[in-house]
Amino acid sequence: MKYKHWFWLTILLTCLFMIPFIRIAAFNFYVDPLWNFSHQNEHNEHQIGFDERQLKVNYLSQKQHHYDTLVVGTSRTTYINQNHFTDMNAYNFSASSLDISEYEGYITYASEKNNGFETIILEVYPRQFPGLMEFPEPSVYIANNEEKLYSIKSLFSFDTYEKAKRNYTQEGHPTPAGYRIYNRENVVSTEFVSPGVRDANIEKGINKLNTLKTFKDEKGYVELLSQIKKNNPDSTFLVYSPPYYIDRTKKVFNSEAGIAYYRDWLEDLIEVFGGVINFTTFNDITVDRDYYIDTHHFYPSTGKLVANDIAAFHKGDDLRYATYITEENLSQFMEQFEEQIFDGAVQP
């Protein structure tokens, strides 16, 4: 009799002990802030991006995907809607402060999950020095996802619970302007900042920048790009440089060393890929503050203009904003660029 008593008491106490964990797991599953599952509801259809590397690894592992294009870049490229590459079925695997040294690991992972890509769109930009950003290796995020029962274990995680709770309480409330909000299809939206906040962001960003005083060839950059291309021989590469607000470009490259570096950077890209779709120029996007949150982050609506130009190039159509730089037009382009950089009269 005592044995049965203790047996049922143990069962009861175990159930009572497990109730909080079961509730946490159910809540984590309902909100699913880690994109481990594919369901959608009113409390998870939008979320503030918090760990884009892990989210985008998890998203690709959910189910069989059939993308033909991979987009890889930094936080700037996250603002580009992958559906705006109109003649491509693209997956945007961009993340905040994604270092050039991380590109290859995520490209390899995405290619394995997707069985390769016809086209790979890479964001490149001046002063893209390898090793500037300190994040865990891609293998860490991939290992997290591939850990046995990862999606189930994450349901009982208090860290996941905190993320889910934040997302649950955020739904239906105004999101701070300029913050990246993801939907369940990996598309970013954001609220426009006020002109005053935008101008303050731009001025602060400009003041933090230094003009390039000395020119140096950054070792490892060409090697990293060459390795990416070598490891994806069946993919067509579309390499693009994003549109910075023009005052940022003028501040950084307004020196002989800056001009020398800019040209050397373009030559590196031409050496590896044959050319670059260059938005980091003087064009209708870069001279208009209304397109920007700060000196180098633009709105999704601006990103659509960028995607349209890249898609146009892919189809063989003319570019509206960017300039495609090759060995043939590099010298002519640099002459014009240098004149514009040193021309103080160039204003938005």
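The values are calculated or read from the model by the stated rules, or taken from the named source; none is laboratory data. A quick note: this is a predicted structure, and the numbers were derived from the prediction, not measured. We place every Cβ from the backbone using ideal geometry, glycine too, and count neighbours over all the protein chains shown. Quick note on the areas: whole protein, heavy atoms, side chains included, nothing else; ligands and nucleic acids left out. Shrake-Rupley method; radii C 1.70, N 1.55, O 1.52, S 1.80 Å.
Where the second residue is open to solvent by less than 60 Å² (accessible area, probe 1.4 Å) and of a type in the set (Val, Ile, Thr) and the first is part of a helix (DSSP H, G or I) and at pLDDT below 90 and lies in the range 25-53, which pairs have Cβ atoms under 8 Å and are six or more apart or on separate chains?
Sorted first by the residue in the range 25-53, then by its partner, the pairs are Asn28/Thr160.
Give me the pairs, please: first residue somewhere in the range 293-321 and closer than 15 Å to Tyr240 by Cα and open to solvent by less than 40 Å² (accessible area, probe 1.4 Å), second residue anywhere and among the polar types (S, T, N, Q) and part of a loop (DSSP other than H, G, I, E, B), beta-carbon distance under 8 Å, and either six or more positions apart or on two chains.
Matching pairs, first to second residue: Gly303/Asn81; Ala307/Asn81; Ala307/Thr86; Ala311/Thr86; Tyr321/Asn283.
Of everything in the range 274-292, what is open to solvent by 10 Å² or more (accessible area, probe 1.4 Å) and either closer than 21 Å to Val188 by Cβ or charged (D, E, K, R) (or both)? Give them in sequence order.
We begin by selecting, within the range 274-292, every residue open to solvent by 10 Å² or more (accessible area, probe 1.4 Å); these are 274, 282-284, 287-291.
If the condition is that a residue be open to solvent by 10 Å² or more (accessible area, probe 1.4 Å) and either closer than 21 Å to Val188 by Cβ or charged (D, E, K, R) (or both), then Asp284, Asp288, Arg289, Asp290, Tyr291 are the ones that fit.
Tell me which residues, restricted to the range 145-157, are open to solvent by 60 Å² or more (accessible area, probe 1.4 Å) and touching a helix residue (DSSP H, G or I) at 6+ places or on another chain (Cβ under 7 Å). Don't jump to the end; show me each part of the working.
So in the range 145-157, the residues open to solvent by 60 Å² or more (accessible area, probe 1.4 Å) come out as 146-149, 152-153, 156.
Passing the criteria: only Phe156.
Do we find a residue being among the basic types (Lys, Arg), part of a helix (DSSP H, G or I) and either closer than 13 Å to Gln128 by Cβ or in contact (Cβ under 8 Å) with a residue 60 or more places away in the chain (or both) anywhere in the range 259-269?
First pass over the range 259-269, keeping only residues among the basic types (Lys, Arg): 263.
Imposing the further condition that a residue be part of a helix (DSSP H, G or I) reduces the set to 263.
This time we only want the ones that are either closer than 13 Å to Gln128 by Cβ or in contact (Cβ under 8 Å) with a residue 60 or more places away in the chain (or both), so: 263.
Taking every residue of the range 259-269 in turn, at least one turns out to be among the basic types (Lys, Arg), part of a helix (DSSP H, G or I) and either closer than 13 Å to Gln128 by Cβ or in contact (Cβ under 8 Å) with a residue 60 or more places away in the chain (or both).
Can you spot a residue in the range 70-86 that is among the hydrophobic types (A, V, I, L, M, F, W, C), in a loop (DSSP other than H, G, I, E, B) and either open to solvent by less than 10 Å² (accessible area, probe 1.4 Å) or in contact (Cβ under 8 Å) with a residue 12 or more places away in the chain (or both)? So that I can check it myself, show each step before the final result.
Kept after step one, since they are among the hydrophobic types (A, V, I, L, M, F, W, C), are these residues of the range 70-86: 70-72, 80, 85.
This time we only want the ones that are in a loop (DSSP other than H, G, I, E, B), so: 80, 85.
In the following step, the residues that additionally are either open to solvent by less than 10 Å² (accessible area, probe 1.4 Å) or in contact (Cβ under 8 Å) with a residue 12 or more places away in the chain (or both) were identified as 80, 85.
So far as the range 70-86 goes, yes, one or more of its residues are among the hydrophobic types (A, V, I, L, M, F, W, C), in a loop (DSSP other than H, G, I, E, B) and either open to solvent by less than 10 Å² (accessible area, probe 1.4 Å) or in contact (Cβ under 8 Å) with a residue 12 or more places away in the chain (or both).
Among (1) closer than 18 Å to Asp32 by Cα; (2) assigned to a loop (DSSP other than H, G, I, E, B); (3) at pLDDT 85 or above, which single condition is Glu191 missing?
Of the numbered conditions (1) closer than 18 Å to Asp32 by Cα; (2) assigned to a loop (DSSP other than H, G, I, E, B); (3) at pLDDT 85 or above, the odd one out for Glu191 is (1).
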